[in-house]
Amino acid sequence: MKISNDINEAVFWLSQNKVVAIPTETVYGLAANIYNEEAVNSIYKIKNRPSNNPLIVHIKSERELYKYVDHVPVKANLLAKTFWPGPLTLVLKKAAHIPNYITSNKDTVAIRVPAHKTTLNLLENLLFPLAAPSANPSNNVSSTTAQHVLDYFGDKLPFVLDGGSCAKGLESTIIGFEKGEPIIYRLGALSVEHIERVVGKVQIRNNATQNPDAPGMFSKHYAPKTPLYIVKNLEDFLSKANDTNCAYLGFDKPFIHSKINKNYLLSENKNFDEAASNLYKTLIEIDTQQFDLIVTQYLPEIDLGKSINDRLSRAAFQIN
């Protein structure tokens, strides 16, 4: 696998219908031409991704939206104009030419414009949009650096387009529509509060399911290899635990205990954007240290705390 910031080489491999990893502001993605079924099937195979989990289509601008969808509700148009390029995915009725293998045979397509200069430049140099789910084996923690992609996939990909560390560090927020009204299918890097300032109150329907309306809705997802426990009473939990080599994943303050061998803090300044950006890379770092388990607690249920808590819930071995 070659890692480089050479857009021309990424264009070459994608035009040869190969899968390459690309950066976005959220996480790295495994990208392929949406119109080549073999390339898209390779994404599913490389990730070991369930076939009923649809893919997100990445396009180069908000102006391109009507090429790929059949209808855009008023509030969807308002959200696209406000937040694109950015970490927002819209689930809309697909145009007839969008292949079923992209959408898991659904009549809707998940679509967004990424806010990463390198990938927008790449899309400008391609004759097709890109399907690009997160660059990680299914259920594992998403990659936020090119090195993460290399560590996961080794020689399974010919090329990684290096765009540095992902600024947001969480996947995009996914919104669908019923009777023109927005419904959040997946909490993500765009907060509910920001969305509601634009379109008013939104319904959240991101409950775990095995028949997802959108990507990222499975109950077990984004999980580190080290068992992660979400704990209300840390003192009580640790006093009863047999394991003595534990890591604590905290928001802003360490937890001192004889069984906690290292504290990992997401944001000492209580900054939710910083905490989100640090979540996955911290979990990946913890995995390299061979702890017996990770203990953590939910963040405040405000701003991106909601999204971080969602990821912790889906990653948890157990919630106490």
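Side notes on the structure shown:
- Here TYR152 meets the list (1) assigned by TED's automatic domain parsing to the domain that holds THR108; (2) in contact (Cβ under 8 Å) with a residue 40 or more places away in the chain; (3) closer than 30 Å to PHE12 by Cβ almost entirely, failing just condition (2).
- Filtered by the rule that a residue be assigned to a loop (DSSP other than H, G, I, E, B) and either assigned by TED's automatic domain parsing to the domain that holds LYS168 or under 23 Å from ASP303 (Cβ atoms) (or both), the range 253-271 gives LYS253, PRO254, PHE255, LEU266, SER267, GLU268, ASN269, LYS270, ASN271.
- Of the residues screened, ASN125 is not one that is under 26 Å from GLY154 (Cα atoms) and of a type in the set (S, T, N, Q).
- Any hit, the range 240-251, residues being part of a strand (DSSP E or B) and farther than 19 Å from ILE319 by Cβ: no
- Scan the range 278-306 for residues that are of a type in the set (Gly, Ala, Ser) and either more than 30 Å from GLU196 (Cβ to Cβ) or assigned by TED's automatic domain parsing to the domain that holds PRO87 (or both) and the total you get is 0.
- Options ASN105, ASN77: the member that is at negative phi and modelled with pLDDT of 95 or more: ASN77
- Qualifying position, being surrounded by fewer than 20 Cβ atoms within 10 Å (Cβ to Cβ), among the aliphatic types (A, V, I, L, M) and not assigned by TED's automatic domain parsing to the domain that holds GLY86, among ALA214, ALA223, ALA275, ALA247: ALA223
- Only one entry in ASP310, ASP273, ASP236 is out of contact with any Pro (no Cβ under 6 Å at 6 or more places or on another chain), under 30 Å from SER51 (Cα atoms) and among the acidic types (Asp, Glu), namely ASP310.
- Consider the range 48-82 and keep the residues that are part of a loop (DSSP other than H, G, I, E, B), touching a residue at least 60 places away in the same chain (Cβ under 8 Å) and touching a strand residue (DSSP E or B) at 6+ places or on another chain (Cβ under 7 Å). The one that is nearest to PRO133 (Cα to Cα) is LEU55.
- If you go through the range 107-126 and pick out every residue that is touching a helix residue (DSSP H, G or I) at 6+ places or on another chain (Cβ under 8 Å) and part of a loop (DSSP other than H, G, I, E, B), you end up with 4.
- Within the range 280-312, no residue satisfies the criterion of being modelled with pLDDT under 95 and part of a helix (DSSP H, G or I).
- Residues in the range 295-311 that are in contact with a Phe, Trp or Tyr (Cβ under 7 Å, 6 or more places away or on another chain) and hydrophobic (A, V, I, L, M, F, W, C): VAL295, LEU299, LEU304.
- Among the criteria (1) modelled with pLDDT of 95 or more; (2) on the phi > 0 side of the Ramachandran plot, the one ASN139 does not fulfil is (1).
- Matching entry among SER277, SER313, SER239 (being without any contact (Cβ under 8 Å) to a residue 12 or more places away in the chain, out of contact with any helix residue (DSSP H, G or I) (no Cβ under 9 Å at 6 or more places or on another chain) and of a type in the set (Ser, Thr, Tyr)): SER239
The values are calculated or read from the model by the stated rules, or taken from the named source; none is laboratory data. It should be emphasised that the depicted structure is a prediction, and the values quoted were computed from it without experimental measurement. Reconstructed Cβ throughout: ideal geometry from the backbone, glycine too, with neighbour counts over all protein chains shown.
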